[in-house]
Amino acid sequence: MAESNDTYSPWNYRRQSRYDRKMDKGKSQHLLRLGENIRSLREKLSLSQEELAFQAGLDRTYLGGAERGERNLTILSALKICKPLEVSLSTLVEGVSE
């Protein structure tokens with residue numbers, strides 16, 4: 001039997017090609033913009049990722065992933081980040097739209 005490059009995807013109940021899997025690893029433009037906002041606000045306050053994460057009660061690697069657009073933040077996590085940055089949630093998500 002020939003080996004297939006397809007795998008079964010349990011999320012949408014269809015076969016997923018190697019190309020589809022590669023595209024899934026791409027970063028959303030919305031998440032990239034949110035990450036840029038977090039980084040620029042953090043840098044304005046001269047905070048390190050580690051210090052912001054500590055003040056927000058989050059893990060440093062989680063915050064780093066959010067800044068790189070690799071993490072889809074929950075509202076609660078975003079609110080935790082807003083507090084030490086001294087900004088509103090609307091300021092944090094400015095420019096992030098469909």
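Just so you know, all these numbers are worked out from the coordinates, no wet-lab data involved. On a predicted model such as this, the values are computed, not experimentally measured, just so you know. Glycine gets a Cβ as well: all are built from the backbone with ideal geometry, and neighbour counts include every protein chain shown.
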message: Give me the base-10 log of I(q)/I(0) for the range 29-92 at each q in 0.12, 0.24, 0.25, 0.30 Å⁻¹, Debye formula, one uniform scatterer per Cα, rounded to two decimals.
response: -0.22, -0.99, -1.09, -1.69
- prompt: Relative contact order for the range 51-98: what is it in percent, counting Cα pairs under 8 Å that are at least 6 residues apart?
  reply: 35
Residues in the range 63-91 reached by a label modelled at Lys27 [backbone nitrogen below 12 Å; 7 Å Cα→Cβ]: 64-72
- prompt: With each pseudo-label sitting 7 Å past Cα toward Cβ, what's the Ile75-Val96 distance in nm, one decimal?
  reply: 1.3
task: Distance from a point 7 Å along Cα→Cβ of Ser88 to each backbone N in the range 34-48: keep the residues under 19 Å and list them by number.
output: 34, 37-38, 41-42
